[in-house]
Structures are given as structure tokens and as C-alpha cells.
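**Student:** The structure's right below; bear with me while I get my questions together.
The values are calculated or read from the model by the stated rules, or taken from the named source; none is laboratory data. The shown structure was predicted, so the numbers you read here are calculated from the model rather than taken from an experiment. Please note: Cβ atoms are built from the backbone with ideal geometry, for glycine as well, and neighbour counts cover all protein chains shown. Each accessible area value is taken on the protein alone, full model and side chains, heavy atoms only, with ligands, DNA and RNA left out. Shrake-Rupley method; radii C 1.70, N 1.55, O 1.52, S 1.80 Å.
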Amino acid sequence: MAAVSPFGAQRLDEISSWEQFKLLSIRIDRLDKWAKPGVLCIGDAAHAMSPIGGVGVNLAIQDAVATANLLTAPLLAGELSLRDLEKVQQRRQFPTVATQFLQIKMSRNKARRKSPGGSKIPAIICRLPFLRFVFGRLIGLGFRTESPLLHK
């Protein structure tokens, strides 16, 4: 184990049993309904993301911004309804589904080539280099960016 571990051999002395190892199971799924009376699920509570692309936190923040934008006025008016909560899912559903679809495709893409830097990249990006920028934007900013509204 020490030969393949990215940590020093002394760190491995901490491990006394295979029971200390845990398998991280990765799931990509989402709730059918994000809201019920009195509760709204966003981020990981509404949609589990793969760690591919590191976009889970991006979606969670975008969900939070959309939630604030959509619910501030009804909350301030004291008239928040289930319909108001459901508007968050209506707004955030497409970016979630599209991002999960992209993650599934990326995880299943077996046709990869070595780039000059040594990393493996999908073959289609080698053929169509502009896709690097498209995928970079989608991973960095998402399918629907959310901008905070300034409420008074």
C-alpha cells in the first residue's frame, strides 16, 4: 500500500484494519418534488450530483440564489405558498437535469486521447477544440446562471 499511496508510509501506520476503509458510492439522482408544504429541498437535498466536474456546489449555490430571488417577495409579504416553493424547482429543473446528463456522458465516455499535457480528454474535443470553451463555460457557470436580485 505504501508504494502506491500518495501519503508517506508513516501515515499508513494509522490503519489497523480493513474496517477503517469506506467505499464512496456515487449516485446521480434527484427528487421528483422538491417542495411540500413548509419545506423546500435545494442543492444536494434535491439532487445528488457526481463529483465529475466539481459542479455540485455550483448548482447548490445557484439553487440558493434562485430561491432567494423567487421567495423574498412572498416571504416579506407573509404570503408564501406551496406554489411559490414549486417555482424554485420549475426554474432549476432544467439546469439540474442537463448537468446530470452531461456528467453521465462524461463518465461513460471511453473514447479519450492523451493531450499534450498528458491528461486524457474526450476524442470529440480533440476533433472540435472550441468545445473546450463550451464545456468550460457549462461546468463553470452552468446551464442557467442565477444573479442575485437586490431587494429593499
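**Student:** Just for the stretch 39-73: of the residues that are β-branched (Val, Ile, Thr) and outside any loop (DSSP other than H, G, I, E, B), which one is farthest from the chain's Cα centre (by Cα)? First the steps, then the outcome.
**Tutor:** Initially, the stretch 39-73 is screened for residues β-branched (Val, Ile, Thr), giving 39, 42, 52, 55, 57, 61, 65, 67, 72.
Of the ones still in play, those that are also outside any loop (DSSP other than H, G, I, E, B) are 39, 52, 57, 61, 65, 67, 72.
Details: Val39: 21, Ile52: 8, Val57: 6, Ile61: 10, Val65: 15, Thr67: 17, Thr72: 24 Å.
Restricting to residues being β-branched (Val, Ile, Thr) and outside any loop (DSSP other than H, G, I, E, B), the top hit is Thr72.
**Student:** If you take the residues in the stretch 46-59 that are modelled with pLDDT under 95 and hydrophobic (A, V, I, L, M, F, W, C), which one is surrounded by the fewest Cβ atoms within 10 Å (Cβ to Cβ)?
**Tutor:** Val57
**Student:** Please go through the stretch 24-38 and pick out each residue that is without any contact (Cβ under 8 Å) to a residue 12 or more places away in the chain and under 16 Å from the mean Cα position of the chain (by Cα). Spell out how you get there, then give the answer.
**Tutor:** Kept after step one, since they are without any contact (Cβ under 8 Å) to a residue 12 or more places away in the chain, are these residues of the stretch 24-38: 24-25, 32, 38.
Matches in the stretch 24-38: Ser25 only.
**Student:** Identify the residue in the stretch 73-89 that is touching a residue at least 12 places away in the same chain (Cβ under 8 Å) and surrounded by 15 or more Cβ atoms within 10 Å (Cβ to Cβ) and, among all such residues, is farthest from Ala60 (Cα to Cα). Let's see the steps before the verdict.
**Tutor:** Taking the stretch 73-89 first, the residues touching a residue at least 12 places away in the same chain (Cβ under 8 Å) are 73, 76, 82, 84-89.
When the remaining residues are screened for being surrounded by 15 or more Cβ atoms within 10 Å (Cβ to Cβ), the result is 84-89.
Values: Asp84: 19, Leu85: 16, Glu86: 16, Lys87: 16, Val88: 12, Gln89: 12 Å.
Filtering the stretch 73-89 for residues that are touching a residue at least 12 places away in the same chain (Cβ under 8 Å) and surrounded by 15 or more Cβ atoms within 10 Å (Cβ to Cβ), the one farthest from Ala60 (Cα to Cα) comes out as Asp84.
**Student:** Now for a different question. Where residues in the stretch 15-45 are under 18 Å from Glu86 (Cα atoms) and among the β-branched types (Val, Ile, Thr), which of them is least open to solvent (accessible area, probe 1.4 Å)?
**Tutor:** Initial filter on the stretch 15-45 (under 18 Å from Glu86 (Cα atoms)): 30-45.
Next, only the ones that are among the β-branched types (Val, Ile, Thr) stay: 39, 42.
Numbers: Val39: 72, Ile42: 53 Å².
Among those residues, the one meeting the criterion is Ile42.
**Student:** Please specify each residue of the stretch 1-14 satisfying the condition of being in a loop (DSSP other than H, G, I, E, B) and either open to solvent by 100 Å² or more (accessible area, probe 1.4 Å) or touching an Asp or Glu at 6+ places or on another chain (Cβ under 6 Å) (or both).
**Tutor:** Just the residues of the stretch 1-14 that are in a loop (DSSP other than H, G, I, E, B), to begin with: 1-8, 13-14.
The answer is Met1, Ala3, Val4, Pro6, Phe7, Asp13, Glu14.
**Student:** OK, next. Out of Ala98, Ala45, Ala66, I need the residue that is under 26 Å from Arg137 (Cα atoms), among the aliphatic types (A, V, I, L, M) and in contact with a helix residue (DSSP H, G or I) (Cβ under 6 Å, 6 or more places away or on another chain). Which one? Spell out the reasoning first.
**Tutor:** Working: Ala98 fails: in contact with a helix residue (DSSP H, G or I) (Cβ under 6 Å, 6 or more places away or on another chain); Ala45 fails: in contact with a helix residue (DSSP H, G or I) (Cβ under 6 Å, 6 or more places away or on another chain).
Residue meeting the stated conditions: Ala66.
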